[in-house]
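Peer 1: Would you mind keeping the following structure in view while I ask a few things?
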Amino acid sequence: MSRKGKRRQRWIVLGVLICCALVLGTAILPMSVSAERVSDHYIRYGVSETAALNLVSAVLLDYRSFDTLGEATVIFAAVSAVSVLMSGGGLSRNRRTLSNLARCAVANIYPVLWLFPLYVILHGHLSPGGGFHGGVTMGVLLIMISVLYGTAFSLPKLSLTALSYTEYSSALAFILVGLAGVVHGSGFLSNIGAGFFKGSPGDLVSAGFLPLLNVIIGFKVAAGLVSIYYQLLRSGD
Amino acid sequence: MIREMSFVAAISVFCIGLYCVLTDRNLIKICVGLSIMESSIVLLLVAIAYREGGLAPVFSAEIETYVDPVPHALALTAIVIGAGVTAVALGLSVLIYRHFGTLNIDKIWRSLG
Amino acid sequence: MFNFAYFLLLVLLVSAAAAAVLVRGMITSVIVLSVFSVSLTLVFSFLQAVDVAMAEAVIGAGLLTAFFVTAISRARRKTK
């Protein structure tokens, strides 16, 4: 066997060994009892403490909102990394568009498509969804404009500077909302304890800062993803 | 039964992704394997959260048992972070193509000397 | 019956993952990856994880495919 074949064989054997270890590990995976106690508390008292019907949003944005701040930071880091990596070339401003049929078909239904992320973001605390889902959909809709009509059309209208400013100000707004709790005296990113309006479960305006954080996260994620798309398209000369 | 089947499926998909990352020669296929590995771990998290007879964790007065909402929040974070990592990996692949002119890692190793 | 349907869905998931790895060609692999994402969305719906299913649908099947195709279009011989 050639040297390359022998090296490949060694990698395959190593992979097989890791696979066996992982299969054995999950077959005897123990379930921790203390974690179930935490989840029982969130399920039983989640609605009465946060006034949010969607328990996953309550966990993500109220009980564990610091982890969501970390996730927003990771998105920011990914956008920065791609911007630095692809900074060597010029932004592509080509006129390559899709066919006439595609453009006419989408242009007629495009405004209606924006209703979905709007609904999902604003009702994030009442039904499945939230800031991330709506933000990614908004980003995909903006990328669709760039794909349909060409970057020569979409870049002057939605420049990279505007996207960066949206992302920075969303990150700052997240932190300012958290600092409101510190100013009040109850803790960073505390929701009802910091005086945000609680309301009754099921209303659109309820659950403290959950709708506000959903909107902030939606804008941040959308701006970040469109920035990544523009950076990946750089021409590289 | 459902939980054990999901565990086995998640680890099998993880091993398939790992095999792709280890043995494939094309940089874009390696990114595909990386994305598959990340999705398999999200499946593992959601399978841990599953309770027999539980329903979706959106509050409604008639429902008695819900599935666990905490691993769902972790899974949501994991999906978004996985997309970010895949985007950076793709940026690196495009940069390597710009520099070396090829996506085949054997040729890249050879040209490095 | 529910268990058997779920088992078939998991078989579809693992076959889609294996197909994404085994096919030759970058664009084909990316399209099979989006099939994998859609079947993973179905699995999440079976496991009553509705938030995670929506996220996997928009991110896996929508956004990642767009990123992959963009990167592939930048990494082939430019026809100039």
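Peer 1: Give me the one-decimal nm value for the distance between modelled label points at residue B:3 and residue A:160, 7 Å along each residue's Cα-to-Cβ direction.
Peer 2: For residue B:3 paired with residue A:160, the spin-label model returns 4.9 nm.
Peer 1: Here's something else I'd like to know. Could you count how many Lys pairs in the protein assembly as shown have their Cα atoms under 29 Å apart, skipping same-chain pairs fewer than 8 positions apart?
Peer 2: Taking the protein assembly as shown as the scope, the lysine pair count is 13.
Peer 1: Evaluate E = 1/(1 + (r/R0)^6) for residue A:67 and residue B:23, where r is the Cβ-Cβ distance and R0 equals 25 Å; express this FRET efficiency to the nearest 0.05.
Peer 2: Details: r = 35 Å, r/R0 = 1.39.
FRET efficiency, residue A:67 to residue B:23: 0.10.
Peer 1: In addition: Limiting things to C-alpha atoms, what are the Rg and the maximum Cα-Cα separation (Dmax) for chain A, in angstroms?
Peer 2: In Å, with Rg to one decimal and Dmax whole: 23.0, 72.
Peer 1: Continuing with the same structure: Are there DSSP H segments in chain C that both extend 27 Å or more along their axis (alpha-carbon positions) and score a mean Kyte-Doolittle hydropathy of at least -1.0? List them, or say none.
Peer 2: Details: long enough: C:2-22 (30 Å, 2.33); C:26-46 (30 Å, 2.20).
Qualifying helices, which must be both long enough and hydrophobic enough, are C:2-22, C:26-46.
Peer 1: Turning to a different aspect of this structure: Isolated Cys in the protein assembly as shown by the 4.7 Å beta carbon test?
Peer 2: So, A:20, A:104, B:20, B:31.
Peer 1: Which residues in region B:1-42 have a backbone N closer than 11 Å to a point placed 7 Å from the Cα of residue C:3 along the Cα-to-Cβ line?
Peer 2: B:1-5
Peer 1: Could you tell me the ratio Rg/Rh of the protein assembly as shown? Both radii from Cα atoms, Rh via Kirkwood. Walk me through the numbers before you get to the answer.
Peer 2: On the way: Rg = 22.5 Å, Rh = 22.9 Å.
Rounded to two decimals, Rg/Rh equals 0.98.
Peer 1: Let me see the pair-distance distribution of region A:97-237: every alpha carbon pair, 10 Å bin width, integer percents in order.
Peer 2: Each 10 Å bin holds this share of Cα pairs: 12, 32, 31, 17, 8, 1.
Peer 1: Which of the helices in chain A meet the span-like rule: DSSP H, Cα axial reach of 18 Å or more, Kyte-Doolittle mean at least -1.0? If you can, show how the numbers build up before the last one.
Peer 2: Details: long enough: A:3-27 (36 Å, 0.53); A:33-50 (24 Å, -0.55); A:65-85 (30 Å, 1.45); A:100-113 (20 Å, 1.00); A:131-149 (27 Å, 1.68); A:160-184 (36 Å, 1.29); A:210-232 (33 Å, 1.51).
Span-like helices, by this rule, are A:3-27, A:33-50, A:65-85, A:100-113, A:131-149, A:160-184, A:210-232.
Peer 1: What's the exposure ranking of C:2, C:36, going from fewest to most Cβ atoms within 10 Å?
Peer 2: Ordered by Cβ neighbours within 10 Å, fewest first: C:2, C:36.
Peer 1: May I pose another question? Please give the Cα centre distance for region A:146-187 versus region B:35-72, rounded to the nearest Å.
Peer 2: 31
Peer 1: If I stretch the segment between residue A:197 and residue A:105 completely, what's the gain in nm (0.36 nm per residue apart, minus their alpha carbon distance), one decimal? All intermediate terms of the calculation are to be shown ahead of the outcome.
Peer 2: Details: separation 92, 0.36 × 92 = 33.12 nm, distance 4.31 nm.
Extra length from residue A:197 to residue A:105 when fully extended: 28.8 nm.
Peer 1: Kirkwood hydrodynamic radius for region C:2-79: how many Å is it when counted over pairs of different Cα atoms? Can you show the working numbers first?
Peer 2: Values: mean 1/r = 0.0746 Å⁻¹.
Radius from the Kirkwood sum: 13.4 Å.
Peer 1: For region A:1-140, what is Rg from Cα atoms divided by 2.2 N^0.38 Å, rounded to two decimals? Kindly include the intermediate steps, with their values, before the conclusion.
Peer 2: Working: Rg = 24.0 Å, N = 140, 2.2 N^0.38 = 14.4 Å.
Rg over 2.2 N^0.38 Å, computed on Cα atoms: 1.67.
Peer 1: How big is the gap, in Å, between the Cα center of region B:89-113 and the Cα center of region A:53-117?
Peer 2: Each part reduced to its Cα centre gives a spacing of 28 Å.
Every read-out reported here was derived from the displayed coordinates using simple, explicitly stated rules and does not represent laboratory data. Computed from a predicted structure; not experimentally measured. In this analysis, Cβ positions are derived from the backbone assuming ideal geometry, glycine residues included, and neighbour counts consider all displayed protein chains.
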